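Some notes on the structure that comes next.
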Amino acid sequence: GAVYALALGANPTISQFVPAVLFVMFLNRRQLTLKNSLIQFVIFLMVFVLVYTYLPLRAGQSFVNWGNPATFSEIIRQMVGSGLNIYAPGSVVNGFTGSPTVFFQSLTHYTWNSVVQFTLFLLPFIFLGMRFVFKQDKKIFTLFLIPIVVNMLYGALYFSGNQESWFIASYIFFAIF
């Protein structure tokens, strides 16, 4: 729990791994106790709050103050990356738009960038690797596939000016396959 909370503090896009963590918890549900789960959750919350308490403390200083997260609403804006569009720095059109047009444009962007990263030559090897892992161990295949699917949906549902950096999680799993 503590490591995951620290990771969320480093980059909120780590939240895309929540479904994979839940899948592992489901697979190991017989070993999980309610007491242990509650302890882990409390530790997670404490570390998460501690990590994000740093933002308003630093906002009070003039040295590093990106986005001025001095209030609760500004901390939330900072956490979700609102207004951090590298293509249009003045734009605040970041986040969930609910627009089917933006969804399909972002999904196309994800697909195109994946092809560019791995080239048409390597794509068949990724699919062969996926097939091999699926035949060997369906649980591992599912564990590796979940972050790819969630990352793809995350990138398509959440409009951002730095989407390409979000896709790196998928690229890691493509490379493993």
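The values are calculated or read from the model by the stated rules, or taken from the named source; none is laboratory data. Model, not experiment: these values are computed from the prediction. Cβ placement follows ideal geometry from the backbone for every residue including glycine, while neighbour counts extend to all protein chains displayed. When the accessible area is computed, the model is the full protein with side chains, heavy atoms only, and any ligands, DNA or RNA have been set aside. Shrake-Rupley method; radii C 1.70, N 1.55, O 1.52, S 1.80 Å.
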So how much accessible area does S165 have, in Å² to the nearest 10, using a 1.4 Å probe?
60
What FRET efficiency do you get for F132 and L6 if R0 is 35 Å and r is their Cβ-Cβ distance, rounded to the nearest 0.05?
0.55
Segment 103-160-segment 1-45 distance, computed between alpha-carbon centres (Å)
23
